[in-house]
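K.L.:
The structure follows.
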Amino acid sequence: MSENHAATASQQTTAPAVPAPGRRREPMFPDGPAPDPAGSHHERRIRSFQPRRSRVTAGQGEALRRLWPKWGLDIDGLSRIDLGELFGDPAMPVVLEIGFGMGEATAQMAAAAPGTGILACDVHTPGQGNLLALAERNGLTNVRVANGDAIILLREMLAPESLAGIRVYFPDPWPKKRHHKRRLIQPEFLALAATRLAPGALLHCATDWEPYAEQMLEVLTEAPGFENTQPDGGFAPRPGFRPLTRFEGQGLEKGHVVRDLLFRRA
């Protein structure tokens, strides 16, 4: 399983313990990411991410407490985001990254392209804290962390043609046939993504799950508004701006084949 197969997973909140009389249970991060930011504002539907438990380290927790009010936002679906205001530069192009794992590759891409904003979306609290810590440690001012469902972010909170790109690296492949409906790269998602990408912007997907790669290629090729950047209509070589992560390297050593897909908004 690749780096972000679990990285696009949602937090799982356990049933709270019964508080002692006269005591009220306090949230772990009162000014940090909410467990379910959209709440009941939007419809129930099949999710492309899977809940799981994860432990937040002391360093990640400290980063969340200090940096979330500055660089984090909850995807509540209630208001439109002004990306120029969010990044402090109305002229800065912004790329949406959906599912960033622990954030190492995101931080590398942000450092390599300081003139591009990265709106990194995930629901994995340890990864959110880790990316915030990396951004501070490396002086990265072009990273913002969004907590919640990327579909709600795209549909309710981002303006048409506001994105310079969308990156989906190693999403959960949902390998069992009965779970294929949970895969993110589907015609409905692509139709929504096309409305939020500026003309000429890139949708970049990568996966090491060959059947999912084939499905991605098929639905992207058929999607209105997208055109393959490869003249032969196939997969793309890994572009230099996508870092080779440790997890990807381990997969390659095991014989996994990593496929990149680069499609342009027509």
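K.L.:
At 1.4 Å probe size, with the rest of the protein present, what percent of the exposed accessible area of the range 60-265 is carbon and sulfur atoms? Write down the numbers at each step before the final one.
P.N.:
Working: 4570 of 8610 Å².
Of all accessible area on the range 60-265, carbon and sulfur atoms account for 53 percent.
K.L.:
Can you give me the solvent accessible area of F170 with a 1.4 Å probe, rounded to the nearest 10 Å²?
P.N.:
10
K.L.:
Only loop residues by DSSP count here, and only those with at most 10 other Cβ atoms within 10 Å; note down the trypsin sites (Lys or Arg not before Pro) in the range 189-266 that meet that. If you can, show how the numbers build up before the last one.
P.N.:
Working: sites: R196, R246, K254, R259, R264, R265; in loops: K254.
Passing both the DSSP loop test and the Cβ count: K254.
K.L.:
Here's a follow-up. Given N residues in the range 60-265, what is Rg(Cα) / (2.2 N^0.38 Å)? Please list the in-between numbers first.
P.N.:
Details: Rg = 16.4 Å, N = 206, 2.2 N^0.38 = 16.7 Å.
In units of the globular-protein estimate, the range 60-265 measures up at 0.99.
K.L.:
Need one number: nm distance between label points at D31 and H180, each 7 Å from Cα along Cα→Cβ, rounded to one decimal.
P.N.:
Distance between label points: 4.8 nm.
K.L.:
Apply 1/(1 + (r/R0)^6) to the Cβ-Cβ distance of K254 and T141, taking R0 = 30 Å, and write down the FRET efficiency to the nearest 0.05. It would help to have the intermediate numbers written out before the result.
P.N.:
On the way: r = 37 Å, r/R0 = 1.24.
With a Förster radius of 30 Å, E is 0.20.
K.L.:
Where the centroid of each part is defined by its Cα atoms, how far is the range 238-264 from the range 66-110 in Å?
P.N.:
About 23 Å separates the Cα centre of the range 238-264 from the one of the range 66-110.
K.L.:
Could you check the simple spin-label distance between E188 and R246, using points 7 Å along Cα→Cβ, in nm with one decimal?
P.N.:
3.7
The values are calculated or read from the model by the stated rules, or taken from the named source; none is laboratory data. If you're wondering where the values come from, they're calculated on a predicted model, not measured in any experiment. Cβ coordinates were reconstructed from backbone atoms using ideal geometry, including for glycine residues, and neighbour counts include every protein chain displayed. These accessible areas exclude ligands, DNA and RNA; they are computed on the full protein's heavy atoms, side chains included. Shrake-Rupley method; radii C 1.70, N 1.55, O 1.52, S 1.80 Å.
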